Amino acid sequence: MRSALWAFAVILCCLASPAEAAGIQLLESGPALSGAIWYPCAAEPTHVALGSLSVGADFDLKGAKDCPVTGAKLPLVIFSHGRGGWFGQHHDTVETLADAGFVVAAINHPGDTYSDSSRRDTLSVWASRPADVVRLLDFVLTDWKDRSVVDPAKVGFFGFSLGASTGLVLMGTKPDFARVASFCKETTGACAELHNGEMPPDARPDARIRAAVIVDPPPTVLTRENLAAIQIPFQFWRSQFGGPGVGDGAGTARVADSLPGKPDIHVVAAGHYAFLAPCSVELAAAVPRICTDVPAGFDRVAFHRDFNAAVVKYFGEQLAGGGR
């Protein structure tokens with residue numbers, strides 16, 4: 001029942017705010033590469049049938065499917081979704097980047113999506129998620145049929161929630177699992193593994209990532225000491241009121257105060273889910289948990305206009321000539 005509800009939610013999410021002129025190519029190479037690549041193109045958007053790509057049910061996404069890519073030496077941004085999410089949960093931000101002249105790629109993280117929780121509550125996800133991003137980046141730069149349009153020296157990363165933690169690992173941070181264990185009260189899942197002395201293998205940083213946007217990461221694994229390893233520029237967003245996985249906002253405030261250098265820090269007077277794409281009326285009725293913003297009356301649509309513009313501007317500045 002829960003999977004069916006999420007499937008319905010994903011469908012409605014896609015229909016909530018249509019794409020403008022972003023081209024779309026679907027990735028359907030099994031669970032390892034199930035997602036999409038968006039890019040600038042001159043064609044008019046139409047309905048793109050995703051079929052069972054994401055949710056096991058037929059639905060449409062608006063865009064220009066398989067249209068020719070416009071431009072050359074384009075910057076690339078890789079997206080990593082949050083815990084239990086899916087590759088299109090930030091579709092409005094993705095589309096804005098593509099319309100501005102970026103290539104954007106995102107996949108479902110196997111074992112940690114709305115329909116596949118096989119790794120979600122295990123330590124293994126801390127190694128598998130970064131490996132997923134590396135695999136996607138390898139594909140776009142080496143095997144994608146339009147790889148020649150991408151400038152491999154202009155690679156950015158966008159991550160939300162656990163996707164933000166994924167990015168921090170790829171930027172050099174080694175999560176402090178001993179700190180997590182000290183807070184663990186559960187006797188199952190990752191907490192049980194930590195109490196048994198288990199640790200996930202270290203994920204290797206990826207030097208191809210030149211800039212990042214990190215959005216509301218779970219704060220428990222992050223300290224001033226492990227964040228000091230970050231050497232690339234990044235924009236940091238946090239919700240003032242927090243939510244599932246990030247606490248009440250005090251933890252991400254601590255992380256913001258611990259960041260090295262002079263990152264571009266933004267505090268949003270809302271809850272964790274405000275960073276997800278704006279909800280349609282139907283989605284809000286089906287899954288109010290991810291659509292009910294804190295405080296009441298927060299305008300997610302207006303916020304996303306500013307948020308998307310800020311993300312485009314930041315990547316354009318940091319990736320040396322990115323955007324149009």
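The values are calculated or read from the model by the stated rules, or taken from the named source; none is laboratory data. Quick caveat: nothing in here was measured; it's all calculated off a predicted structure. Here the Cβ is made from the backbone with ideal geometry for all residues, glycine too, and neighbour counts use every protein chain on show.
General observations
- Residue check for residue 295: surrounded by 15 or more Cβ atoms within 10 Å (Cβ to Cβ), more than 19 Å from residue 212 (Cβ to Cβ) and not hydroxyl-bearing (Ser, Thr, Tyr): no
- Here residue 112 fulfils each of the conditions (1) modelled with pLDDT of 65 or more; (2) over 15 Å from the mean Cα position of the chain (by Cα); (3) acidic (Asp, Glu) apart from (2).
- Residue, modelled with the lowest pLDDT, within the stretch 164-181, restricted to residues that are among the small types (Gly, Ala, Ser) and within 15 Å of residue 225 (Cβ to Cβ): 178
- Among the residues of the stretch 182-204, those that are of a type outside the set (S, T, N, Q), part of a loop (DSSP other than H, G, I, E, B), over 26 Å from the mean Cα position of the chain (by Cα) and modelled with pLDDT of 85 or more comprise 197, 198.
- Restricting the stretch 49-64 to residues that are part of a strand (DSSP E or B) and crowded, with 21+ Cβ neighbours inside 10 Å, the residue that is modelled with the lowest pLDDT: 61
- Of all residues in the stretch 162-208, those being touching a residue at least 60 places away in the same chain (Cβ under 8 Å) and touching a Phe, Trp or Tyr at 6+ places or on another chain (Cβ under 8 Å) number 7.
- Listed by first and then second residue, the pairs linking a residue in the stretch 294-308 that is free of Cβ contacts under 8 Å to residues at least 60 places away in the same chain to a residue that is assigned to a helix (DSSP H, G or I), with Cβ atoms under 6 Å apart and 6 or more places separating them unless they lie on different chains, are 300/274.
- Criterion (closer than 17 Å to residue 34 by Cβ, over 14 Å from the mean Cα position of the chain (by Cα) and free of Cβ contacts under 8 Å to residues at least 12 places away in the same chain) met by exactly one of 119, 147, 135: 119
- Any hit, the stretch 219-227, residues being closer than 30 Å to residue 142 by Cβ and of a type in the set (Val, Ile, Thr): no
- Answer from 220, 252 - the residue that is polar (S, T, N, Q), under 19 Å from residue 163 (Cα atoms) and in a loop (DSSP other than H, G, I, E, B): 220
- Verdict on residue 285 being free of Cβ contacts under 8 Å to residues at least 24 places away in the same chain and small (Gly, Ala, Ser): yes
- Sole exception among (1) among the hydrophobic types (A, V, I, L, M, F, W, C); (2) more than 20 Å from residue 91 (Cβ to Cβ); (3) assigned to a strand (DSSP E or B) for residue 294, by number: (3)
- Residue within the stretch 225-245 that is among the hydrophobic types (A, V, I, L, M, F, W, C), in contact with a Ser or Thr (Cβ under 6 Å, 6 or more places away or on another chain), surrounded by 13 or more Cβ atoms within 10 Å (Cβ to Cβ) and assigned to a helix (DSSP H, G or I) present: yes
- Residue tally, condition closer than 19 Å to residue 319 by Cα, touching a Ser or Thr at 6+ places or on another chain (Cβ under 9 Å) and not hydrophobic (A, V, I, L, M, F, W, C), over the stretch 132-151: 0
- Qualifying residues in the stretch 89-132 (those that are in contact with a Leu (Cβ under 6 Å, 6 or more places away or on another chain) and not polar (S, T, N, Q)) - the one farthest from residue 213 (Cα to Cα): 107
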